[in-house]
Amino acid sequence: MKSPLLSVRGVKTFYGNIMALGGVDLEVFEGEIVTLIGANGAGKSTLMMTICGTPQAREGQILFDGRDITRIPTHEIARARIAQSPEGRRIFPRMTVFENLQLGAAITDFEFFAQDLRRVFAMFPILEQRRDQRGGTLSGGEQQMLAIARALMSRPRLLLLDEPSLGLAPLLVQSIFNAIRELNEKEKLTIFLVEQNAHHALKLAHRGYVLVNGEITMQGTGAELLNKPEVREAYLEGTTRHQ
Amino acid sequence: MAAAMPERKLDVAGALKDAALAAFVAFGLFSLVLGLRTEQSGLTSALQLYPRPGLLFGAVATVFAGRFLIALLFRSNLLADPARFIPPQASKGIAFIGRYAGIGLLVFALIIPVIFFDNRYLLDLSILVVTYIMLGWGLNIVVGLAGLLDLGYVAFYAVGAYSYALLAQNFGFSFWICLPLAGILAAFWGVLLGFPVLRLRGDYLAIVTLAFGEIIRIVLINWQSFTGGPNGISGIPRPSFFGVPFNDGPDGFAATFGLSFTPSHRVVFLFYLILALALITNYFTIRLRRLPIGRAWEALREDEIACRSLGINTTHTKLTAFALGAMFAGFAGSFFATRQGFISPESFVFHESAMILAIVVLGGMGSQLGIAVAALVMVGGFELFREFAQYRMIVFGLAMIGIMIWRPRGLVSHREPSVHLQEKKPIPAAVVEGARQ
Ligand SMILES: Nc1ncnc2c1ncn2[C@@H]1O[C@H](COP(=O)(O)OP(=O)(O)OP(=O)(O)O)[C@@H](O)[C@H]1O
Ligand SMILES: [Mg+2]
């Protein structure tokens, strides 16, 4: 078996004295979609941010493509081609859509820019129409698309998505998930996805992890987790009954 | 228009109520302070009370009238939204002015020396205004673009001025050699300040930069042997026209160019010099905004964490902002030194930093034109009120409050995108490449 693209080993992250992650182990292999589900405050976003180096892990190790990235600064991690669409989107509100995308491409060779731009506009046509509009005046869903598009502009090898479906109408959720699947299938992009929408996420993902209070309690393929009674009870109540 | 009208009805009763309340409070406050005069009288030196009903009435009436007018304006919604009572033609006109104001101002600036050749006072004032415009544009890189609140900007102005003065006096370097050196030295100090404040933002950054400005000034005062201490440095070489001095001798500017000698030649030269320096600052800022580094500054202002996770080195980004901002202050400082011929720490007090920052903030944080207008209004306005020295801080304060109420984001708050794409449909590769430089 080949070695994982991302491997997180015994990572502990603290906010002051409060431990948010208590020794997390997980692996993401090249070409996979891996999802992380968990309740509010479980530490999902913290794990995402720890992979990106803000905050840095106090203990444990994070390897990306065999390289230890635990202690290197955030911008170096980004240059190793890990892109993130963070929680809360964090787009640049006073800058236009186009400028946001330019900033996404800050670390790529500029010969790719035109081509990448066409690619993300094809994926999210609304962004092309809104190209000269300020990021802050986009609707929530448009901002989400911009955050994903901006992350893609850096030609990542690993894309981290933190709750991409947050606050979106069901139809849009579907189209975001379709876009994620397409990215994975057509472009072989490796994706690590944090979701509240556990049903969708587990159906989409090859594998999944469940995070409870900063520790991984379960793992398995998407289908396995979907069928576990504990998972159903804790994260799929309500959703499954209607499906 | 008609739809917007109904809210605009005069609420006289409400305003009267407000005014009566204010007058009542004023009466309470003033009845003892203004209404009574105490005097020590006679041998017993007992305190005698004299009532002053006229003065008291006058003060209360003024408060009543003032409060009534203000309440009327606000209650009737006359001022809440200026767009409401500006007819569309007028706003179109304003937009038109906005588009050409920059060019208009530039042309006007270029012909100032022609129009006011004999008006030494106005020429000097213009030089002052343009100096502040340049300082405003320089600080704008740090505050407006990179979003780093710097309250000690005058320190770099001082570094530039002292570098020029010391280099010119000790080594006899000409202005054109000193200018870049002063800029480099100021930039160096900018980086020195930048390092310790890398992790700070907002209020904390402001406090540290404020302290830094004071430290530089205090060093200048106390390092007698090097800087001349509080006495400053005098006899700084005056500027020459690329080697031709401005004097009435046979080698002087007037004789060389077959003109009759007048001291105005030097002033006009100084004016064009500072104008050129300011325009260079402007040009660089506009260019930089379109380069990756300029975009990184703006992104830093918007969201530092997002910046880093896009692979932007925020340390470099901040340091370059500090360094470039400081460099332009250094240029302005050398100009200041050569123009005055004399510098002392007194020229570099906190008040100057505050003034420059006010120009940037009132101008709209990031708008080049807004800053130019703000500098013109502030420096020019300040000068207009010179005769009423004791009132000018009041007027100044009122103007600031006014701007905060009606233009909370500055005179020109619109942020011009760094790239414009006219065509909507295809993305021409040339445009994309041009945008990325
Ligand atoms: N900057 C911070 N300072 C202190 N505590 C923090 C900080 N950020 C997060 N925490 C705490 O760490 C824990 C994990 O938070 P985190 O944001 O990772 O949760 P999450 O799983 O992403 O939750 P959600 O699903 O609500 O987004 C929470 O208890 C939170 O209060
Ligand atoms: Mg979260």
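The values are calculated or read from the model by the stated rules, or taken from the named source; none is laboratory data. Since this is a predicted model, take the numbers as computed values, not measurements. All Cβ positions, even for glycine, are placed from backbone atoms using ideal geometry, and neighbour counts span all protein chains on display. Side chains included, ligands, DNA and RNA excluded: accessible areas come from the protein's heavy atoms. Shrake-Rupley method; radii C 1.70, N 1.55, O 1.52, S 1.80 Å.
Points to keep in mind about this one:
- Share, in percent, of DSSP beta bridges within the protein assembly as shown that are antiparallel, nearest 5: 65
- Part-to-part distance (alpha-carbon centres) for segment B:329-408 and segment B:159-206, which is given in Å: 21
- Percentage relative contact order, segment B:12-80, counting C-alpha pairs under 8 Å, at least six apart: 44
- Using a 1.4 Å probe over protein heavy atoms, the accessible area lost on pairing B with A, summed over both chains, comes to approximately 3300 Å².
- Length gained when the stretch B:Arg37-B:Ala61 is fully extended (0.36 nm per residue, less Cα-Cα span): 6.7 nm
- Using only alpha-carbon positions in the protein assembly as shown, the gyration tensor eigenvalues give semi-axes of 55, 36, 27 Å once each is multiplied by 5 and square-rooted (largest first).
- The residues packed around A:Arg90, meaning those with a beta-carbon under 12 Å from its beta-carbon, carry a net charge of -2 if Lys and Arg are +1 and Asp and Glu are -1.
- Between helix B:53-75 and chain B there is an angle of about 70 degrees, using the helix long axis and the longest principal axis of the Cα atoms.
- Heavy atoms of the protein chains alone define the surface here; on that basis segment A:53-182 has 37 Å² accessible area per residue at 1.4 Å probe size.
- Of the trypsin sites (Lys or Arg not before Pro) found in segment A:99-208, those in coil by DSSP whose Cβ has at most 12 other Cβ atoms within 10 Å are A:Lys188.
- Three-way shape label, segment A:22-62, alpha-carbon gyration tensor, a/c 1.5: oblate
- List of segment A:73-97 residues, accessible area with partners at least 10 Å² below that of the chain alone (1.4 Å probe): A:Thr74, A:His75, A:Ala78, A:Arg79, A:Gln84, A:Arg90, A:Phe92, A:Pro93, A:Arg94, A:Met95, A:Thr96
- Of A:Lys2/A:Lys188; A:Lys203/A:Lys228; A:Lys44/A:Lys228, pairs whose Cα-Cα distance is over 18 Å: A:Lys44/A:Lys228
- Part-to-part distance (alpha-carbon centres) for segment B:211-275 and segment B:285-301, which is given in Å: 34
- Principal semi-axes in Å for chain B [√(5λ), Cα gyration tensor, largest first]: 43, 34, 25
- Rolling a 1.4 Å probe over the protein heavy atoms of segment B:12-80, with every protein chain left in place, gives an accessible area that is 74 percent carbon and sulfur.
- Listed by chain and number, the aspartates and glutamates whose alpha-carbon sits under 20 Å from that of A:Lys186, ignoring those within fewer than 8 places in the same chain, are A:Glu30, A:Glu32, A:Asp116.
- Angle in degrees between helix B:88-115 and the longest Cα principal axis of chain B, rounded to the nearest 10: 50
- Karplus (6.51, -1.76, 1.60) ³J(HN,Hα), θ = phi - 60°, over segment A:122-137, in Hz, Gly and Pro reported as x: 5, 6, 10, x, 4, 5, 5, 5, 9, 3, 9, 8, 5, x, x, 9
- Helical mean residue ellipticity (222 nm; -39500 (n - 2.57) per DSSP H run of 4+; nearest 500) of the protein assembly as shown: -17500 deg cm²/dmol
- Straight-distance candidates among the aspartates and glutamates for linking to A:Lys12, with alpha-carbon spacing under 16 Å and chain neighbours fewer than 8 residues away dropped: A:Asp25, A:Glu27, A:Glu59, A:Asp68, A:Glu215.
- Positive minus negative residues near A:Asn100 (Lys, Arg vs Asp, Glu; Cβ under 12 Å): +2
- Charge context of B:Ala155, other residues only, Cβ under 14 angstrom, K/R +1, D/E -1: -2
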